[in-house]
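One structure is given here, and the rest of the page talks about it.
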Amino acid sequence: MDFFVVPDAASTGAIAAGIVAAVIRSKPEAVLGLATGGSPLPVYAALAAHRLDMSGIRGFALDEYVGLPAGHPQSYAEVIRREVTERLHLDPAKVSVPAGAAEDPERAAAAYDAAIAQAGGIDVQILGIGHNGHVAFNEPGSALDSRTRVEALTERTRQANARYFASPDDVPDRCITQGLGTILEARQLLLVVSGADKADILHTALSGPVTTDCPASILQLHPHVTVVADEAAAALLGARAVNGTTPVAVRSRAVGV
Ligand code: GLP
């Protein structure tokens, strides 16, 4: 595991985007795994500044709400369109989001893993982490080998995401999420974390046991993981950015993870 610590959330974008850009330069038809949430936004902004040829790039979103009408501004299909597809000038036909508005979401979920496999698998999967350790929408209790499926959202996750909706009651209670097993099949995982409120869970995920209680602990099982965290999120792992400006790259053992 490689671990980069930067002074603040904005700086996570430059480091993580550099990693994604390197993948794209070495493979112009790379398949990107796309995360929503606030944490990856600086990554997409910084990646756009690289002005790479994105015409061959494919993208697969991690998850989607079930029950929002197509075109709802907070559906992840719309978030991905605004924040990723348009910003990075991806070909919309090459970007997939689980079909949460489908008549049969279970069936749509089952087809998603097959579509990823057909695209050759994901080269680099961008990830965030929820306060309860969820990755994508894999809530605690999700099986470590789970596949893309329909899941219920916990109240905690619904509350955390209520900030994007007019009323907390508007947050859907179901989703389609890539499974933990699906995520583990990506060739590289890139976790982006910021904020003091994530320090506890980041510490638990990286240095606690691998357990379904903390889905993000699956990161410990993957051979090619890069974590980019700001100082506040990395505080309990004992890693600090140097001089407040230079990112520190430390091998996992140096931070006890
Ligand atoms: C959401 C998403 C996750 C994301 C997480 C954390 O519910 N489904 O993919 O990683 O919450 O979001 P944030 O980065 O805004 O804290």
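Which residue, D200, D53, D104, has the most motion in a Gaussian network model of the chain that connects Cα atoms within less than 10 Å? Among D200, D53, D104, the largest mean-square fluctuation in the Gaussian network model of the chain belongs to D104. Calculated mean residue ellipticity, 222 nm, the chain: -7500 deg cm²/dmol, from DSSP H runs (n ≥ 4) at -39500 (n - 2.57) each, averaged per residue and rounded to 500. For the range 47-84, the residues whose backbone nitrogen is under 19 Å from a point 7 Å from the Cα of S167, taken along Cα to Cβ, are 67-69, 72-75. What does the C-alpha gyration tensor say about the overall shape of the range 1-92? Classify as rounded when a/c is under 1.5, otherwise prolate if a/b is larger than b/c, or oblate. Oblate is the answer for the range 1-92, as a/c is 1.5 or above yet b/c matches or exceeds a/b. Full extension of the segment from A152 to E29, taken as 0.36 nm per residue of separation minus the current Cα-Cα distance, would add 40.9 nm.
Assuming charge only on the beta carbon of Lys and Arg (+1) and of Asp and Glu (-1), the dipole of the chain about its Cα centre is about 720 debye to the nearest 20. Beta bridges assigned by DSSP with both partners in the chain are antiparallel in approximately 40 percent of cases.
Against the compact-protein benchmark of 2.2 N^0.38 Å, the Cα-based radius of gyration of the chain scales to 0.94. Ranked by the mean number of other Cβ atoms within 10 Å of their residues, highest first, the peptides 170-178, 26-34, 57-65 come out as 57-65, 170-178, 26-34.
Where is the GNM fluctuation largest for the chain (alpha-carbon springs, 10 angstrom cutoff): V192, V135, V210? The residue that fluctuates most here is V210.
Read-outs throughout are calculated quantities, based only on the coordinates presented, and are distinct from any laboratory measurement. What you are looking at is a predicted structure, and each value in this text was computed from that prediction instead of being measured. With ideal geometry, Cβ positions are generated from the backbone for all residues, glycine too; neighbour counts draw on all protein chains shown.
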